[in-house]
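Colleague: Right, I'll just put the structure down here and ask away after.
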Amino acid sequence: MLEEHVPVSRRMLLRSSACGFGSLAFSGLLSRANGNTPSVSLGNPLAPQEPMFAPRAKRIIFIFMQGGPSHVDTFDYKPLLEKKHGEELEFKDARKIAKTGTFGKEKIMQSPWKFRQYGECGHWVSDLFPEIGKHVDDLCFIRSMHTTGVAHGPSTLFLHTGTTNLIMPSIGSWITYGLGTENENIPGFITISPSSSNGGPRNFSNAFLPSHFQGTALGRAGQPASKARFNNITNAQSSLSKQRAQLNLLQSLNRSQLESHKEDDELAAVINSFELAFRMQQHAPGLTDLSGESKSTFESYGIGQKETDDFGRQCLLARRMAEAGTRYIQVNYADNGNNPRWDQHSKIQKHAFHAKASDKPVAGLIQDMKQRGLLEDTLIWWGGEFGRNPFTQGADGRDHNPKGFTHFLCGAGVKSGFSYGATDEFGHEAVENKVHMHDLHATILHLLGIDHERLTYRHAGRDFRLTDVEGHVVSDLFA
């Protein structure tokens, strides 16, 4: 027999469920402590956040070499390629296996460039990068990188987001989510001259993170870096005081709307973007104005020289943003099309053009950051989505190689004049102290004072993170 229904008054309900409300509040606090989804905030979501532990670096400059520069022609010297040049040997080529399911013999190809030893550490660098070679005593080479994906699109997405097939936040978005920005008057995550291909905007997207953490694109690939500006940043019709009064009225209406839509992070992001845009009027124009830089600074970056002017300007902009306190800056050596710059499937000799365009600007950035004391708390990271094979594709090209390649780090927290890991004697596959891209992501977050396993965001019923369920911190790289 059914029991008789007994009405419950509001007072009785509150008295009986008081502990339940307390547990809900406590659950929310635990969620924030564990790095899970925060509630929408009316404050500045990009305000500086405390790291999880003492950081070695405060900010990152990532120099992205789109297309996969050949490690065996740049920083991974393999004398055996000269001895075996022209011989046919059996290799398990990842891309051929992916395409045909088979592998076989391939023709060894030596590098067209000579290698020389530089610095006190004696690291070998090819003649493609003589300017970077002068700074090897400041660099930390990782010569045992390997990654997921054999084509540009998947591997580029994996480099930026840690996945090849899901819509995931980029590393810059994760970092600004975890740490905020040092300067609330400019964006915390800026990507300079990004490409629209091979991931395009997904490479600087916030994905399911709140919209505040999306990267801000400055210029685009294919457009001269001299035209890279923050668009619509000034208002010639109204004074700042009048704009402030108008914005105050608009924001009061926006906040009233947000009060009834507390979980709408896109609306909250719009509200905060208006505030940031107003502050940027006074600070951003000067950030991209290079006219005050000295002649010697221009010369060190190669600005004013035909081959290096464009990328030199990008690298100088990166230094200015790091100096201003932008948390994550990406510099893109990229094409705005379907032919990534370092992608030489034929005529590997074309690497010389891209090395000429990027060698002096990168060396200039390292030297400039060091002279200004910015390397003490800034990490510079250089690399592409994968490397290239030690054997020929066609007559004189090299195909993609995700099984072994080189990146380098420089600056805050890492050993200088140091090389970690190794590929095999041909440079085909990482064999010693292998570092997967997930491991590099975990290591970079650690340098910033972030535990990659604790920096999570709850989405679709799961706690996501940059490194998914993998990744190990490579502490041997730390100074």
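The values are calculated or read from the model by the stated rules, or taken from the named source; none is laboratory data. This one's a predicted model, so the numbers in the text were calculated from it and none came from an experiment. Quick reminder, even Gly has a Cβ in these numbers, built from the backbone with ideal geometry, and neighbours come from all protein chains shown. All accessible areas refer to the heavy atoms of the entire protein, side chains included, with ligands and DNA or RNA removed. Shrake-Rupley method; radii C 1.70, N 1.55, O 1.52, S 1.80 Å.
Colleague: 5 Å is the cut-off here: which amide hydrogens, built 1.01 Å from N in the peptide plane, fall below it relative to GLY337, excluding neighbours closer than 5 in sequence?
Modeller: Placed amide hydrogens put SER196, SER197 under 5 Å from GLY337.
Colleague: May I ask you to evaluate 6.51 cos²θ - 1.76 cosθ + 1.60, the Karplus curve with θ = phi - 60°, for each residue of segment 465-479 and list the ³J(HN,Hα) values in order in whole Hz, giving x for glycine and proline?
Modeller: 8, 4, 8, 6, 10, 10, x, 10, 6, 8, 5, 5, 7, 7, 6
Colleague: Give the calculated FRET efficiency between LEU80 and ASP289 to the nearest 0.05, with a Förster radius of 30 Å applied to their Cβ-Cβ distance.
Modeller: 0.05
Colleague: Angle check, please: helix 351-371 long axis (alpha carbons) against the longest principal axis of the chain (alpha carbons), in degrees 0 to 90, nearest 10.
Modeller: Helix 351-371 sits roughly 60 degrees off the main axis of the chain.
Colleague: Moving on. Please report the accessible area of ARG313 (heavy atoms, 1.4 Å probe, ligands and nucleic acids excluded) in Å², nearest 10.
Modeller: Roll a 1.4 Å probe over it and ARG313 shows about 50 Å².
Colleague: Sketch the reach of a paramagnetic label on ALA47 as a point 7 Å from Cα along Cα-to-Cβ, and name the residues of segment 304-331 whose backbone nitrogen lies under 19 Å away.
Modeller: Within reach of a label on ALA47, which here means backbone N under 19 Å from a point 7 Å along Cα→Cβ, segment 304-331 contributes 326-327.
Colleague: Another one. Could you run the Karplus curve 6.51 cos²θ - 1.76 cosθ + 1.60 with θ = phi - 60° over segment 427-444 and give me ³J(HN,Hα) per residue in whole Hz, x for Gly and Pro?
Modeller: x, 8, 9, 5, 10, 10, 6, 4, 10, 7, 4, 4, 5, 5, 4, 4, 5, 5
Colleague: Let me ask another. Carbon and sulfur: what percent of the chain's accessible surface (1.4 Å probe)?
Modeller: Details: 10790 of 21540 Å².
Carbon and sulfur atoms account for 50 percent of the accessible area of the chain.
Colleague: Antiparallel as a % of all DSSP beta bridges within the chain, to the nearest 5?
Modeller: Taking every DSSP beta bridge with both residues in the chain, the antiparallel ones total about 55 percent.
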